[in-house]
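Participant: First, the structure itself, so that you have it in front of you.
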């Protein structure tokens, strides 16, 4: 299930045009018309795409065809990059000078490269009035926008309603996105846990970085934060964060999570166990729901009724979420001509008209205010939008963010297996993360 895997990266959404244009949002990027002459220089752009699903791939191909017809001198080569290979591939490309011209994917991957001056600011392309400040902030470093946001989802808990119905426990779940407490969550998780049938209340995993947003969201439920507001320090070892990790470890003790959770990958638990009907609640978003539906339609798994609910908190007065933002960005290569054309193509695919087409894909929740359609209250889109205001700072703008992620899951594993106390595990991660931030800030 490529869709589910891609959305774990970390799994949050969208389009704009040159700020100085006259307001014709459907116009091609500046310079596109005059470039169509046969005398225009030949340009070949490499576009890396972490393709979430076939519908998105079709949209990308349509955008390439339309842009190339308007600009015959330009050829765009779209390369699909597997989600589990993207961090390694980017690191190698950045260190060897082999970066693509532009890229489409999760905002979790590129922002740390802005500190290394490897990304091109896109402020001059974006009609900022059509975007919420929170969305723009999520794709900015030092007050400069480096990613053109075009699709944002937010995580909550995707639940197998049929499993709760079978246990007569449906009333234990919150309704209409209402807040709920950790005690209520634990009661619900226990109600559907039945080891004899291989079913467990909550999807836990800790074998790699994928899906780590869910860990943080759960710990935040006790009042902790992963990073300081200025993105200069890791601070999850606060008393609130430690209390959160103690609760997380207790889920293992109470056996409401799959056996050996510390050694399980998110892809195994979320991609496989949940759609197989073995998990009551899992970290997820509207994109995951689309992937699960696809597995039902193609016969891979037996269909069951699903819902999206908020993460619990200690006091039950709110929730916590993480934005899974997606967008387009331009790499600062040594080829200035390609940079300019990459910006034009970025603007083109993200103009209002084209983003309206993109928003027709069920898993897409548009970031443009003008495209935020009036979804029905019970729709997954409407529920997703309700989560936006609860988004916490997962650290995508922290220097060395990818490294801090890689340093986190071994400490989580240590806590879950009792190799370390929750306090020791968080203290050790905070020290490692702050060393990474300091080194990456230079």
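Participant: Please find, among 316, 287, 299, the residue that is part of a loop (DSSP other than H, G, I, E, B), in contact with a strand residue (DSSP E or B) (Cβ under 8 Å, 6 or more places away or on another chain) and assigned by TED's automatic domain parsing to the domain that holds residue 173. Step through it out loud before you land on a result.
Facilitator: Working: 287 fails: part of a loop (DSSP other than H, G, I, E, B); 299 fails: in contact with a strand residue (DSSP E or B) (Cβ under 8 Å, 6 or more places away or on another chain).
Selected residue: 316, the only one of 316, 287, 299 that is part of a loop (DSSP other than H, G, I, E, B), in contact with a strand residue (DSSP E or B) (Cβ under 8 Å, 6 or more places away or on another chain) and assigned by TED's automatic domain parsing to the domain that holds residue 173.
Participant: Quickly run through segment 121-148 and pick out the residues that are within 19 Å of the chain's Cα centre (by Cα), under 20 Å from residue 351 (Cα atoms) and part of a strand (DSSP E or B).
Facilitator: Passing the criteria: 131, 140, 145, 148.
Participant: Next up: What residue, of 257, 269, is over 30 Å from residue 434 (Cα atoms), modelled with pLDDT of 95 or more and under 18 Å from the mean Cα position of the chain (by Cα)? Reasoning before the result, please.
Facilitator: Values: 257 fails: under 18 Å from the mean Cα position of the chain (by Cα).
Selected residue: 269, the only one of 257, 269 that is over 30 Å from residue 434 (Cα atoms), modelled with pLDDT of 95 or more and under 18 Å from the mean Cα position of the chain (by Cα).
Participant: Let me ask another. Among (1) at negative phi; (2) modelled with pLDDT of 95 or more, there is one condition residue 230 misses while meeting the rest; what is its number?
Facilitator: All conditions are met except number (2).
Participant: Still on this structure, please answer the following. Could you list all residues from segment 381-405 that are assigned to a helix (DSSP H, G or I) and within 16 Å of the chain's Cα centre (by Cα)?
Facilitator: We begin by selecting, within segment 381-405, every residue assigned to a helix (DSSP H, G or I); these are 381-390, 401-405.
Selection gives 381, 384, 385, 387, 388, 389, 390, 401, 402, 405.
Participant: With the checklist (1) in contact with a strand residue (DSSP E or B) (Cβ under 9 Å, 6 or more places away or on another chain); (2) modelled with pLDDT of 95 or more in hand, flag the one item residue 183 doesn't pass.
Facilitator: Among (1) in contact with a strand residue (DSSP E or B) (Cβ under 9 Å, 6 or more places away or on another chain); (2) modelled with pLDDT of 95 or more, residue 183 violates only (1).
Participant: Okay, moving on. Just to verify a result, which residue in segment 334-359, among those that are modelled with pLDDT of 95 or more and not in a helix (DSSP H, G or I), is farthest from residue 49 (Cα to Cα)?
Facilitator: 335
Participant: Output the residues belonging to segment 260-271 that are surrounded by fewer than 18 Cβ atoms within 10 Å (Cβ to Cβ) and either in contact with a helix residue (DSSP H, G or I) (Cβ under 8 Å, 6 or more places away or on another chain) or not in a loop (DSSP other than H, G, I, E, B) (or both).
Facilitator: Result: 263, 268.
Participant: Restricting attention to segment 71-120, and to residues there that are part of a loop (DSSP other than H, G, I, E, B) and at pLDDT below 90, which single residue is surrounded by the fewest Cβ atoms within 10 Å (Cβ to Cβ)? Outline the logic, then answer.
Facilitator: Pass one, segment 71-120, residues part of a loop (DSSP other than H, G, I, E, B): 71-73, 81-82, 97-101, 107-110, 117-118, 120.
From what's left, at pLDDT below 90: 81-82, 97, 107-110.
Numbers: 81: 18, 82: 12, 97: 8, 107: 26, 108: 28, 109: 23, 110: 25.
Checked segment 71-120; the qualifying residue surrounded by the fewest Cβ atoms within 10 Å (Cβ to Cβ) is 97.
The values are calculated or read from the model by the stated rules, or taken from the named source; none is laboratory data. Here the structure is a predicted model, which is why all the values come from computation and not from measurement. No Cβ is skipped: glycine too gets one built from the backbone with ideal geometry, and neighbour counts run over all protein chains shown.
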